[in-house]
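Let me begin by presenting the structure, written as structure tokens, before commenting on it.
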Amino acid sequence: MRLTLAQLEQDAGSVESALEAAETTVEAAAADGADLVALPELFAVGYFAFESYARVAEGLDGPTFGRLRDMAVDHDVGLLAGSHVEDLEASAAAGYDVPADEGLANTTTFFDRDGSLRTTYRKHHLFGYESAEARLLTPGERLEPFEFDGFTVGTCTCYDLRFPELTRRLVDDGVTLLLVPSAWPYPRVEHWQTLTRARSIENLWYLGAINGVGAFESATLLGRSTVYDPWGTALASAGDRPAHVTADLDPDEVTRVREEFPALADRR
């Protein structure tokens, strides 16, 4: 399976231009043979554009989610649609299961090639330090791994990387590929590189860490999107400019590595 991480530049509050850039990237990745394309956290609004969250929020049946679904269908790829600000009340009214009757969530979706919604992941751990995220958003409660092209795929979001108990739950659910849409800023470069690699090494799975780039008043995103193999070796990575990060993944490699080095069997 060919995986492409779309390291997109974020422009605070410019949803339309962000969606246009995403579609251009998805089209180019599909033309290059990508089976799965992954977008960053809150790429359409900009993570640090907190004042815009309520304005752009919508239910899972809203136009932004619909447009992302259409990208998957039009370009015949699986699409991890980054994350978007979800209006939980609107989603509930449309019949979706939500963690609260109202409020906002940082919600990641995955659309299959036929446009079917395969998972909905709402960020569990909300960043409070010098951030409005914990005040503005409702945390998620569910993990919903899914099957795609020979992999059991799980997702978590950015700050979730600092809480390894979450990824241990995913490995117990059989996950062999973890996708992590993020908006990780400078100066914490070593934290980003260490935590993403560590989550790959300790769980013996592939990991795609999809970060954004771009500057806001309060922070600059550091990019460095990377695909790791089950040994924690970087297969492909980027710097801090917009980029496509592509790697070919083999689902049988996870089985081989776990048989050769059965550390997960030694947990107590």
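Brief remarks follow.
- Scanning the range 230-239 for residues that are touching a helix residue (DSSP H, G or I) at 6+ places or on another chain (Cβ under 9 Å) and not hydroxyl-bearing (Ser, Thr, Tyr), we see that the one that is most open to solvent (accessible area, probe 1.4 Å) is TRP231.
- Restricting the range 1-53 to residues that are in a loop (DSSP other than H, G, I, E, B) and of a type in the set (Ser, Thr, Tyr), the residue that is surrounded by the fewest Cβ atoms within 10 Å (Cβ to Cβ): SER14
- Residue in the range 168-186 that is part of a strand (DSSP E or B), within 17 Å of LEU8 (Cβ to Cβ) and out of contact with any Phe, Trp or Tyr (no Cβ under 9 Å at 6 or more places or on another chain) present: yes
- Flag if ASP252 is closer than 30 Å to ALA31 by Cβ and surrounded by 12 or more Cβ atoms within 10 Å (Cβ to Cβ): no
- Residue in the range 151-167 that is outside any helix (DSSP H, G or I) and more than 15 Å from TYR121 (Cβ to Cβ) present: yes
- Only one of the numbered conditions (1) open to solvent by 20 Å² or more (accessible area, probe 1.4 Å); (2) touching a strand residue (DSSP E or B) at 6+ places or on another chain (Cβ under 9 Å); (3) outside any helix (DSSP H, G or I) is not met by GLN193, and that is (3).
- For the range 117-130, a tally of residues being open to solvent by 40 Å² or more (accessible area, probe 1.4 Å) and modelled with pLDDT of 95 or more returns 3.
- Residue list for the range 112-132, restricted to those being within 25 Å of SER200 (Cβ to Cβ) and not hydroxyl-bearing (Ser, Thr, Tyr): ASP112, ARG118, ARG122, LYS123, HIS124, HIS125, LEU126, PHE127
- Being touching a residue at least 12 places away in the same chain (Cβ under 8 Å) and open to solvent by less than 30 Å² (accessible area, probe 1.4 Å) holds for only one residue in GLU133, GLU144, and it is GLU133.
- Those residues of the range 217-244 which are among the small types (Gly, Ala, Ser), in contact (Cβ under 8 Å) with a residue 24 or more places away in the chain and not in a strand (DSSP E or B), in sequence order: SER218, ALA219, GLY223, SER225, GLY232, ALA238
- Residue count for the range 227-268 satisfying the condition of being more than 20 Å from PHE151 (Cα to Cα) and of a type in the set (Ser, Thr, Tyr): 1.
- Residues in the range 54-63 that are open to solvent by 70 Å² or more (accessible area, probe 1.4 Å) and in a helix (DSSP H, G or I) were compared, and the one that is farthest from THR24 (Cα to Cα) is ALA54.
- Condition met for ALA105 (buried (at least 23 other Cβ atoms within 10 Å of the Cβ), without any contact (Cβ under 8 Å) to a residue 40 or more places away in the chain and under 16 Å from THR155 (Cα atoms)): yes
- Failed item, numbered, when GLY66 is tested on (1) farther than 19 Å from GLU133 by Cα; (2) open to solvent by 50 Å² or more (accessible area, probe 1.4 Å); (3) in a helix (DSSP H, G or I): (2)
- Residue match in the range 77-95 (condition: free of Cβ contacts under 8 Å to residues at least 40 places away in the same chain, part of a loop (DSSP other than H, G, I, E, B) and open to solvent by 10 Å² or more (accessible area, probe 1.4 Å)): yes
- Residues of the range 162-216 satisfying the condition of being within 20 Å of THR107 (Cβ to Cβ) and among the aromatic types (Phe, Trp, Tyr): PHE163, TRP184
The values are calculated or read from the model by the stated rules, or taken from the named source; none is laboratory data. Predicted model, so just to flag it, every value in this text is computed and none were measured. Glycine gets a Cβ as well: all are built from the backbone with ideal geometry, and neighbour counts include every protein chain shown. Note: areas computed on protein heavy atoms with side chains; ligands, DNA, RNA excluded. Shrake-Rupley method; radii C 1.70, N 1.55, O 1.52, S 1.80 Å.
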